[in-house]
Amino acid sequence: MVGRLEYVPLREIWKHEAYDFTTWLFENCDVLNEQLGLTISPLEKEKSVGPFNVDILAEDYSGRTVVIENQLACTDHDHLGKLLTYMSNLDAKVAIWVSTNPRPEHVTAINFLNEVVPQDTQFYLLRLQAFRIGESDPAPLFTIEAGPSDEKTAGGKVKKELAERDKVRYQFFEQLLAKANQVTNIFNSVSAVGYQNWVNAGAGKAGIMWSFVVMKKTARTEFFLCHSDFEINKARYEKLLSQKDEIEQKFGEPLNWDFNDSRKQQYIRTTCPFGGLDHEERWADIQEDMVDRLVRLEKAFGPHIKSLN
């Protein structure tokens, strides 16, 4: 038997935008992660910006500030202005505007912003709908109406090609992943990117990732605890930390155990000693070292992953 998809008016689910929907989204930011391909962790609701309040203040995997503005209505100029105000006053790099009915004019505006802003700044406009099948609970559906792309974020005179820094990052990750795929299948379904300084791959359990990270002067490989629930990440980190000696013995050297109560994600890192993106003459050494560290991390943490809650 096949059920019929039924549209559900959003006000039946969330009576009040601020009290109901914003609270729900704050507690379920992972639904945005799935749609946008980001890793967002909420920090604060109704964050004060002078006399105004941003609906949700968050951060992404690299520590960039994210602002989220919600509308259970058509988009309007007032909320577009608020979004820009919050971005500038909070030095945010990612803006997410959620609406039940994005107007074409505002879709065009968000696309325009993505064309002219710096490479590390991104704007998204999402359409929110909800559906159910039969007597099931209603489920939200987020659709990207406008967002960054390689062409849009290139901007200005280089609109049709990636910015130079993005192209360099893309080349680095393309070479790195090719080397990794020769010795492990962890990243074999991951593509190179140029718009961010990391690539992630699943570690076989929800909320756990492997990461390659490259900055201008440094590069590292990480075991990344990124579940949407802080307490789960904390419990997993503490369990692994209790086995630190065994893990580091298998890895072959000390690791950087980076726990911070003020953020949701937690990291266990190992840094390459040969430099980063700006040291192109040493890329081969850097990439081979990063892959070697990944293989050793997998060996050290692999036996413990299954036992994590």
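Scanning segment 111-142 for residues that are within 17 Å of the chain's Cα centre (by Cα) and modelled with pLDDT of 85 or more gives Thr121, Gln122, Phe123, Tyr124, Leu125, Leu126, Phe142. Residues in segment 28-81 that are of a type in the set (Gly, Ala, Ser) and within 23 Å of Pro118 (Cα to Cα): Gly37, Ser41, Ala58, Ser62, Gly63, Gly81. Just one of the listed residues (Glu288, Glu253) is more than 19 Å from Ala178 (Cβ to Cβ) and either in a helix (DSSP H, G or I) or in contact with a Ser or Thr (Cβ under 9 Å, 6 or more places away or on another chain) (or both), namely Glu253.
Which of the residues that make up segment 45-61 are in a loop (DSSP other than H, G, I, E, B), in contact (Cβ under 8 Å) with a residue 12 or more places away in the chain and surrounded by fewer than 15 Cβ atoms within 10 Å (Cβ to Cβ)? Across segment 45-61, the qualifying residue is only Gly50. Among the residues examined, Lys264 does not qualify as modelled with pLDDT under 90, outside the structural domain of Asn28 (by TED's automatic domain parsing) and in contact with a Leu (Cβ under 6 Å, 6 or more places away or on another chain). Scanning segment 194-211 for residues that are in a loop (DSSP other than H, G, I, E, B) and surrounded by fewer than 17 Cβ atoms within 10 Å (Cβ to Cβ) yields a total of 3. Under the condition of being of a type in the set (D, E, K, R) and either closer than 27 Å to Met209 by Cα or assigned to a helix (DSSP H, G or I) (or both), which residue from segment 1-44 is modelled with the highest pLDDT? If we take residues in segment 1-44 being of a type in the set (D, E, K, R) and either closer than 27 Å to Met209 by Cα or assigned to a helix (DSSP H, G or I) (or both), then Glu44 is modelled with the highest pLDDT. Applying the selection to segment 212-237, what residues are surrounded by 21 or more Cβ atoms within 10 Å (Cβ to Cβ) and either in a strand (DSSP E or B) or over 18 Å from the mean Cα position of the chain (by Cα) (or both)? Within segment 212-237, Phe212, Val213, Val214, Ala219, Thr221, Glu222, Phe223, Phe224, Leu225, Arg236 meet the criteria.
The values are calculated or read from the model by the stated rules, or taken from the named source; none is laboratory data. What you are looking at is a predicted structure, and each value in this text was computed from that prediction instead of being measured. A quick note on method: Cβ atoms are made from the backbone with ideal geometry, for glycine too, and the neighbour counts reach across all protein chains shown.
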